[in-house]
Each structure stands twice: as structure tokens, then as C-alpha cells.
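Trainee: Dropping the structure in here first, questions after.
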Amino acid sequence: MQLKHRLGAALAAASFIVAATAAAEPIKVARSVPYKDISVGTADVRQECDWNTQMIDYLVQYSRGTVVATDENLDTAPGMALKLVVVGIHTAGGGAFSGPKWVKIRGELLLNGKVINNFQKTSHSMDLFRGSCSVANKMGKQLSGWLAKWLRKPANLVDDEGIADDKGDTAADKPDAAKQ
Amino acid sequence: MRQSSKAIAMLGAALLCGAAAASKLETFPVDHALAPEAAAQKLRHSVRLFWGAQPYPQPERDVGSFRADEASNSTNKSDQDACDRALLSALIFLQASAEDHGANAVVAIHPISARQQPIPAGQYACDAGGIAARVMLRGRVVKLPASP
């Protein structure tokens, strides 16, 4: 039993050291979050709204130096990189009449080009008097705040294979329930 | 009279909330979830799945370690039915991640227990609540050589 505890403690310490070493270098992120494909959102939103660029500005700001925006190819960049993609967006104009708005992103955290962790997160808004871009910007800002917090947890910066899980905070906080 | 009915309503609401919020960690056999034909139809045949220590050929490329965290609606369903659906969603997510990266297999798939409870081999863990059931899996996405 004692050996089990010691092994657990050693594993936790090792994971923390790996995380701390990896976290010492800034995490690279693209200057804008791309849309997965043309089926995501409407052409107007994709062309006219720059919420996905502003989201990265907020992320850099909220992460307090942990994240830097870069033009490098993240797949081949050395060190840690965060690849984000928009997989769903609904920001139809019309305020309350067009229902709730949402943005869904997926992220992959890479260490030297290999994925070590990933997540999927949705942000919702029920704002009544906002335009499409404005509401998207608000949701992007919310996602940046959540992401900056996610990146602050050392457990999220390592492959948690065999390492204690942190009660699912690493993936969708509020799982998209009601999936049939 | 009015006060007592208010109290009863509040008690009922509290009980309902409690029932909905309380979730229990259960384990179910993986085979049971993948047995129905509907499950086999939903999984992609282009991405192979290897559980736990199941052997697999030497990969050509290792994309990395992916985690799936999926929930399914558990109203009007048994815990096992809801959990099986969530497991299927998690596997579909891993397969989709593999396809996105041009990979063709997910290996060393293992369930993750949010409550750090050991999970017997051949089983998966599921957080089954009154409203939703949740399953977490982790696996390595790789590209295996084309089979002869």
C-alpha cells in the first residue's frame, strides 16, 4: 500500500516536472483561429467578423506571457504549440428572435509536433441587442479566458496517460449533453 | 395552507435537483456497447481501433495522444444504454480526430476514470447521472502501414 502511494507521488512529481519544464517556454498559437471548413458559419460571418483574430489577442493578454502569437507552422514548430479550430458558430442577427448564439472550438496542444492533449469547448450567449460580430467577439473573449485558465493547469500540459485526471476539466466543462 | 404548499414545492424541487445532480461511476463491458449492429454501422471502418494492450503493427507515424470526453442524454434510458451511447460517441470522436490527421488507427485506447477508480480490463467507466451519462477515453492516434 505504501509502495503504491510512493509510486503515485513519484508519478505526480515527474508529471509536474515535465509540465513545468514544458511550460517555461511560451506556447505558440496562430494569429487567428481558422474555421474548420466552409460549412462552419455563414460566408458573411467568416468574411466580415474578426472575432477569431481578436480571440487570440485576448488569449495572449489573459495568459500573461504564457502564450505568444506566431506565423510559424505549428505542426513543425519546436516546443509547445496550441492549434485551434472553429468547428461551429451560430451568430445570426436578430437578437432575441434568432435564439441563443454559440461558438464551438477544438484545440490540440502539441509538444514538438505531437499532440499531448486536446479539448472541445462551446461558449454560449443570450445577449439581446448585439450584432453578429459583436456577439461572436464576446464569446471569443469568453473562450480566451477559459483557455488561459486551462493552460495554467500543469496537468493539462502533459499527456495524462496513467496520470490522475483532474475531474474532466480538461475537456468540455459542460459536455454537450443531449447527444443522441 | 399557502406556506405548506410552497414548502412541499420547494422540497420536491430540491429532491428533483438532487436526483438529477447525483451521478455514480459505473463500469460496463466494452463488448456489450459495440455488439449491436447500429454501433458497428456508426463506427468508421477506415479507422481501426485497438484496445488497451491489444497488439498492433509498428506505426508509420505517431500523431499523438488524444482524449475524448463525450456525454449522452440518459433520460428514459437505462444507465447502461446511455453509457453505451456515450462510449460510442467517444470512439467516433477519436476516429474523427484520426481522420482529421490523415491517420488510420487509434491504439492503446483506455478509459479514464474521473474519480481515479481502477477499471477492470475489457470494461469502461461511465459517470451516469439522471440527465446525462459521460465517458472519457484516451488513445494514441497513429498511421499504420496498409495491411497486405
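Trainee: Quick one: length gained pulling B:Asp81 to B:Ala53 fully straight, 0.36 nm per residue minus the C-alpha distance?
Mentor: Values: separation 28, 0.36 × 28 = 10.08 nm, distance 2.60 nm.
Using 0.36 nm per residue and subtracting the Cα-Cα distance, I get 7.5 nm.
Trainee: Given a Förster distance of 30 angstrom, what is the FRET efficiency for A:Glu25 paired with B:Glu99, based on the Cβ-Cβ distance and rounded to 0.05?
Mentor: Numbers: r = 31 Å, r/R0 = 1.02.
After rounding to 0.05, the efficiency reads 0.45.
Trainee: Could you give the nm distance between label points at B:Asp62 and B:Gln116, where each point is 7 Å from its Cα heading toward the beta carbon?
Mentor: Rounded to a tenth, the inter-label distance reads 2.6 nm.
Trainee: For peptide B:81-88, compute the average count of partner chain beta-carbon atoms within 10 Å of each residue's beta-carbon.
Mentor: On the way: counts 0, 0, 0, 0, 2, 3, 0, 1.
Mean partner-chain Cβ count within 10 Å for B:81-88: 1.
Trainee: Right, something else. Could you derive backbone 3J(HN,Hα) for segment B:100-115 from the dihedral phi with the Karplus parameters 6.51, -1.76 and 1.60 (θ = phi - 60°), listing whole Hz in sequence and x where the residue is Gly or Pro?
Mentor: 4, 9, x, 9, 10, 7, 10, 10, 6, 6, 9, x, 10, 9, 5, 9
Trainee: On to the next question. About the Cα centre, and with charges only on the beta carbon of Lys, Arg (+1) and Asp, Glu (-1), how big is the dipole of segment A:37-82? Nearest 20 debye, please. Walk me through the numbers on the way to the answer.
Mentor: Working: 2 positive and 8 negative charges, 50 e Å.
In debye, rounded to 20, segment A:37-82 gives about 240.
Trainee: Mind checking the mean number of beta-carbon atoms from other chains within 10 Å of the Cβ atoms in A:118-127?
Mentor: The shielding value for this peptide is 2.
Trainee: Mind ordering B:106-112, B:31-37, B:58-64 by average Cβ neighbours within 10 Å, highest first?
Mentor: B:106-112, B:58-64, B:31-37
Trainee: In addition: What order, most packed first, do the peptides A:59-69, A:100-110 have when packing is the mean number of other Cβ atoms within 10 Å of each residue? Let's see the in-between values first.
Mentor: Details: A:59-69: 16.9, A:100-110: 21.0.
Going from most to least packed, we get A:100-110, A:59-69.
Trainee: In Å, what Kirkwood hydrodynamic radius results for segment A:36-147 from the alpha-carbon pair distances? Present the calculation step by step, with values, prior to reporting the outcome.
Mentor: Details: mean 1/r = 0.0677 Å⁻¹.
About 14.8 Å for segment A:36-147.
Trainee: Can I ask one more? Using amide H atoms built 1.01 Å from N in the peptide plane, name the residues 5+ places from A:Asn112, or on other chains, whose amide H lies under 5 Å from its own.
Mentor: Under 5 Å from the amide H of A:Asn112 lie the amide H atoms of A:Gly79, A:Met80, A:Ala81, each far enough along the sequence or on another chain.
Trainee: Roughly speaking, what is the stretch gain from A:Val68 to A:Ala92, that is 0.36 nm per residue apart minus the C-alpha to C-alpha distance, in nm to one decimal? All intermediate terms of the calculation are to be shown ahead of the outcome.
Mentor: Working: separation 24, 0.36 × 24 = 8.64 nm, distance 3.13 nm.
Contour length minus the Cα-Cα distance gives 5.5 nm.
Trainee: With the contact rule set at Cα under 8 Å and sequence spacing of 6 or more, what percent relative contact order holds for segment B:17-148? Kindly include the intermediate steps, with their values, before the conclusion.
Mentor: Working: 272 pairs, mean separation 53.8, N = 132.
Here the relative contact order equals 41 percent.
Trainee: Could you let me know the centre-to-centre spacing of segment B:62-90 and segment A:68-119, using Cα atoms, in angstrom?
Mentor: Result: 22 Å between the Cα centres.
Trainee: Based on Cα positions only, what radius of gyration and what Dmax would you give for segment B:83-131, in angstroms?
Mentor: Cα-based Rg and Dmax for segment B:83-131 come out at 12.6, 38 Å.
Trainee: Work out from phi, with θ = phi - 60° and the Karplus expression 6.51 cos²θ - 1.76 cosθ + 1.60, the ³J(HN,Hα) of each residue of segment A:43-48, listed in order in whole Hz, and give x for Gly and Pro.
Mentor: Rounded to whole hertz, the list is 4, 4, 5, 5, 8, 9.
Coordinate-derived values only; no laboratory data. It should be emphasised that the depicted structure is a prediction, and the values quoted were computed from it without experimental measurement. We place every Cβ from the backbone using ideal geometry, glycine too, and count neighbours over all the protein chains shown.
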